[in-house]
Amino acid sequence: MTVQNGSDKSQIKIPKIKFTKLFINGEFIDSISGKTFETIDPRSGEVIAKIAEGDKQDIDLAVKAAREAFDNGPWPRLPGCERRRIMLKFADLIDENVEELAGLDAIDGGKLYNFCKIADIPSAAETIRYFAGAADKIHGSTLKMSRELHAYTLREPIGVVGHIIPWNFPSQMFVMKVGPALAAGCTMVVKPAEQTPLSALYYAHLAKLAGIPDGVLNVVTGYGYCAGAAISSHMDIDKVSFTGSTEVGRLVMQAAATSNLKPVSLELGGKSPFIIFNDVDVDKVADLALQGTLFNKGEICVAGSRVFVQEGIYDKFLVKLVEKAKTWVVGDPFDPNVHQGPQVDKKQYERILSFIEHGKREGATLLTGGKPLDGKGYYIEPTIFTDVSDDMIIAKEEIFGPVMSVMKFKTMEEVIKRANATKYGLAAGIMTNDLNIANTVSRSIRAGVIWINCYFAFDRDLPYGGYKMSGFGRDLGMESLNSYLQVKSVAMPIHDSPWL
Ligand SMILES: NC(=O)C1=CN([C@@H]2O[C@H](COP(=O)(O)OP(=O)(O)OC[C@H]3O[C@@H](n4cnc5c(N)ncnc54)[C@H](OP(=O)(O)O)[C@@H]3O)[C@@H](O)[C@H]2O)C=CC1
Ligand SMILES: CCCCCC/C=C/C(=O)O
């Protein structure tokens, strides 16, 4: 691992902060209480800006605007091709503002500026385009009835949606929730994570410029226990889509059940296995395994942080892994040579360090890392543990940081059992050239996403979500669009027809 501090300042593109207020009914406004909270730069712990702190009253206001826009406004009633046209404009505006948006996610979330610029933000625009393309292809079916009835189904927008999103992919999360809901004809209230509110407010501004009518897309910044909880318990919200911790997912579901029984979709934590069989190219797979844990500083719910290595290549794999970890650069996320920026905030940084301490105490062997970086900011060394047993805390709990546990296995049957011995079921990676192994293992792992000889192979056409305590419901793909629609069955008698 290399530490890169004091990067070339000429490369740094810190954006000017333009939007700090709530976006309700097409206007940027102060919170009703007038309160604000500070959003912090994780490179230094310094304040970037003061952001309006929305609470229950502001959520009520935003829901009122979204309800009016749904019940009486044009958006749900527009022909799909018109919604598509406006969404395509929105996507173009995202592309036109790529540098600014990349800068906001980098400064707010400690994400790599260059990666945001070439991947996250262009991909966010593409996700809006993907769902825009579906807006005029939403239809039900004509049914073959068993008696003299003509019947068909309509697919109608579900209504007012609440989106509660996390901080690890502020842009991708925003569009993967907002895109399908807009295409379906829903109206919505988005609550971004308190750590990363900046890009969500910028997207709201672009949506208005694109022509999305007032009240359709509202953004209320604020705290989860207050603004977030007001969304899940709201009597006038028709669906909640949540991504975050399993603990809060449970609260969201409880609040939905005890209020108006609104459906929820929950994309929660994970502890995904990355399984490597003897027959692979060890050099390439070591690279992929490292990415599988360290990408986005390990702050990704599908991190392949339980690395199971078959005994025949175990020693060689460790040598390669350490070699590659040494070239991994931690430092300022605006520096193009850096692979890993700071953890999102002090709380997450301390949480990760405490897991590392657990690993040491429980007797795992530290192969690399294990410490924070000296100086300002929430930087942590890429950390690899070996001699990890399945019952250690570091092997069981989601760490959401740059921490890998490497474990040895003998047989396919054994690794299937161990990979499935978790409360989570989000993703799994299977590295092998043997098709029989790939097929058997992929069908045996209880997880929503399986990557064979690749990892993080996201695609907007590929539904994404979990089994078990990783939640239910799917983001991306047509599955997610369907979750913002409901089916209405219509039947009418047909008289004197010779055909049913
Ligand atoms: N699946 C994933 O992609 C993610 C998983 N996680 C996991 O969760 C751990 C903790 O991260 P944390 O940020 O605390 O995650 P949370 O689950 O607390 O945050 C996710 C979102 O939920 C909001 N929220 C918090 N409490 C409530 C509530 N009572 N009702 C409704 N919404 C609420 C948050 O608001 P606020 O911003 O104010 O906290 C945020 O917008 C991480 O270490 C990681 O393991 C975290 C983020 C993403
Ligand atoms: C089409 C790109 C989707 C990227 C999704 C990233 C998700 C991360 C997470 O759930 O933690």
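Assorted remarks:
- Among the residues making up the range 350-379, those that are free of Cβ contacts under 8 Å to residues at least 24 places away in the same chain and either closer than 12 Å to M392 by Cβ or not charged (D, E, K, R) (or both) are S354, K360, R361, T365, L366, G370, P372.
- Leading residue by the ranking (most open to solvent (accessible area, probe 1.4 Å)) among those in the range 147-194 that are more than 21 Å from A91 (Cβ to Cβ) and within 14 Å of ligand 2 (Cβ to nearest atom): W167
- Among the residues of this structure, G304 counts as one that is away from ligand 1 (no atom under 13 Å from the Cβ), at pLDDT 95 or above and within 16 Å of the chain's Cα centre (by Cα).
So that you can scan it fast, the table gives a plain yes or no per residue for (1) under 30 Å from Y349 (Cβ atoms); (2) in contact with a helix residue (DSSP H, G or I) (Cβ under 9 Å, 6 or more places away or on another chain); (3) at pLDDT 95 or above:
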position	(1), (2), (3)
I12	yes, yes, no
P15	yes, yes, no
L61	no, no, yes
A69	no, yes, yes
P74	no, yes, yes
D95	no, yes, yes
L101	yes, yes, yes
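- The criterion of being surrounded by fewer than 24 Cβ atoms within 10 Å (Cβ to Cβ), free of Cβ contacts under 8 Å to residues at least 24 places away in the same chain, under 24 Å from Y464 (Cα atoms) and more than 16 Å from ligand 2 (Cβ to nearest atom) holds for L251.
- The range 391-402, residues that are away from ligand 2 (no atom under 16 Å from the Cβ) and in contact with a Ser or Thr (Cβ under 9 Å, 6 or more places away or on another chain): M392, I394, A395, K396
- Single residue of T432, T440 found to be hydroxyl-bearing (S, T, Y) and either within 16 Å of ligand 2 (Cβ to nearest atom) or open to solvent by 30 Å² or more (accessible area, probe 1.4 Å) (or both): T440
- Any hit, the range 123-130, residues being within 15 Å of ligand 2 (Cβ to nearest atom), touching a residue at least 40 places away in the same chain (Cβ under 8 Å), part of a loop (DSSP other than H, G, I, E, B) and open to solvent by less than 60 Å² (accessible area, probe 1.4 Å): no
- Only one entry of D461, D434, D475 meets the criterion of being within 16 Å of ligand 1 (Cβ to nearest atom), among the acidic types (D, E) and at pLDDT 95 or above, and that entry is D475.
- Looking across the range 28-50 at every residue that is of a type in the set (D, E) and surrounded by 14 or more Cβ atoms within 10 Å (Cβ to Cβ), the one that is farthest from the chain's Cα centre (by Cα) is identified as D30.
- Only a single criterion out of (1) under 19 Å from E53 (Cα atoms); (2) more than 16 Å from ligand 2 (Cβ to nearest atom); (3) open to solvent by less than 20 Å² (accessible area, probe 1.4 Å) is not satisfied by I212, namely (1).
- Complete set of residues in the range 244-274 that are touching a helix residue (DSSP H, G or I) at 6+ places or on another chain (Cβ under 6 Å) and within 8 Å of ligand 1 (Cβ to nearest atom): V252, A255, L268, G269
- Pair list, Cβ < 9 Å and 6+ apart or interchain, from the range 163-177 residues that are in contact (Cβ under 8 Å) with a residue 40 or more places away in the chain and basic (K, R) to residues that are assigned to a helix (DSSP H, G or I) and buried (at least 24 other Cβ atoms within 10 Å of the Cβ): K177/S480
- Residue match in the range 379-397 (condition: more than 23 Å from F308 (Cβ to Cβ), within 24 Å of the chain's Cα centre (by Cα) and hydrophobic (A, V, I, L, M, F, W, C)): yes
The values are calculated or read from the model by the stated rules, or taken from the named source; none is laboratory data. None of these values were measured; they are calculated from a predicted model. No Cβ is skipped: glycine too gets one built from the backbone with ideal geometry, and neighbour counts run over all protein chains shown. Areas reflect the complete protein model, heavy atoms only, side chains present, ligands, DNA and RNA absent. Shrake-Rupley method; radii C 1.70, N 1.55, O 1.52, S 1.80 Å.
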